[in-house]
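The values are calculated or read from the model by the stated rules, or taken from the named source; none is laboratory data. On a predicted model such as this, the values are computed, not experimentally measured, just so you know. As a convention, Cβ positions derive from the backbone with ideal geometry for all residues, glycine included, and neighbour counts pool all protein chains shown.
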Amino acid sequence: MIDFKTYFPKLTDHQVAQLLQLQPLYADWNSKINVVSRQDIENLNERHVLHSLCIAKSFEFNSGAKVLDLGTGGGFPGIPLAIMFPEVNFVLVDSIGKKIKVVEEIVAALGLTNVKGIHTRAESLKMAGQFDFVVTRAVAPLNQLMAWCQFLIKQKHAHAYPNGLIALKGGDIADEVKALPGKSNKYVEVMPIRDFLNLEFFAEKYVVYVQG
């Protein structure tokens, strides 16, 4: 059992209750629609929920900020982050309609009012407007992600970090970072999750920030 307050002591009891609802909600939906693997359903709080919240260890989103979760799948990292930051507006996008359906149902079950799901492809996202940050997990190489989201990132900055891409990545990502176009003009930071979460699952996982 993951004790979320151990890692995020500022969480309210209500937020913790919402986070703990995710495992049974996804278990129920996974019996109807294959959203995550069976092994991951049993370890959802660590491998999906806590992993998503790792972004909040390095980034604080201002009230009223707009964040896009690109390729959200069943709602990660967007839904846990929306619980963590209830005053931030999240748009969750995926090209698979049944996954957005699950997102919408789970958002409704949790009573979240700061989340909108959109069924579309990354290439068709101009209608979604512009965002302070784009977050993503295990969707595509960094250079492809930047190609998709460059035009979605606001030019006016209002956070400690300039607006940009925040990606959850695993394994050896050195080549991905090297392949970023124009990286000499863009600030890139790779943050090992093991620095703040001493759990085996996170040993080779990172939060990667690329300035937009």
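Condition check ((1) more than 15 Å from ILE79 (Cβ to Cβ); (2) free of Cβ contacts under 8 Å to residues at least 60 places away in the same chain; (3) out of contact with any Pro (no Cβ under 6 Å at 6 or more places or on another chain); (4) among the small types (Gly, Ala, Ser)) across all residues:
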site: TYR7; (1), (2), (3), (4): yes, no, yes, no
site: THR12; (1), (2), (3), (4): yes, yes, yes, no
site: VAL16; (1), (2), (3), (4): no, yes, yes, no
site: LEU22; (1), (2), (3), (4): no, no, yes, no
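What residue, of VAL102, VAL91, VAL135, is within 21 Å of VAL36 (Cα to Cα) and in contact with an Asp or Glu (Cβ under 6 Å, 6 or more places away or on another chain)?
Result of the check over VAL102, VAL91, VAL135: VAL135.
Pull up region 163-179, narrow it to residues that are surrounded by 18 or more Cβ atoms within 10 Å (Cβ to Cβ) and not β-branched (Val, Ile, Thr), then point me to the one that is modelled with the lowest pLDDT.
The extreme case among them is GLU176.
Whether any residue in region 116-131 is free of Cβ contacts under 8 Å to residues at least 12 places away in the same chain, surrounded by fewer than 15 Cβ atoms within 10 Å (Cβ to Cβ) and hydroxyl-bearing (Ser, Thr, Tyr) is what I want to check.
For region 116-131, residues free of Cβ contacts under 8 Å to residues at least 12 places away in the same chain, surrounded by fewer than 15 Cβ atoms within 10 Å (Cβ to Cβ) and hydroxyl-bearing (Ser, Thr, Tyr): present.
Kindly evaluate ALA140 against the criterion of being in contact (Cβ under 8 Å) with a residue 12 or more places away in the chain, part of a loop (DSSP other than H, G, I, E, B), over 16 Å from VAL207 (Cβ atoms) and small (Gly, Ala, Ser). Steps first, answer last, please.
On the way: in contact (Cβ under 8 Å) with a residue 12 or more places away in the chain: yes; part of a loop (DSSP other than H, G, I, E, B): yes; over 16 Å from VAL207 (Cβ atoms): yes; small (Gly, Ala, Ser): yes.
Answer is yes for this residue.
Give me the helices (runs of 4 or more DSSP H) completely within region 1-85, filtered to those with at least 3 residues that are buried (at least 18 other Cβ atoms within 10 Å of the Cβ) and modelled with pLDDT of 95 or more, ordered by residue number.
By residue number, 13-30, 78-84.
Can you name every residue in region 144-153 that is at pLDDT 90 or above and buried (at least 16 other Cβ atoms within 10 Å of the Cβ)?
Correct list: LEU145, MET146, LEU152, ILE153.
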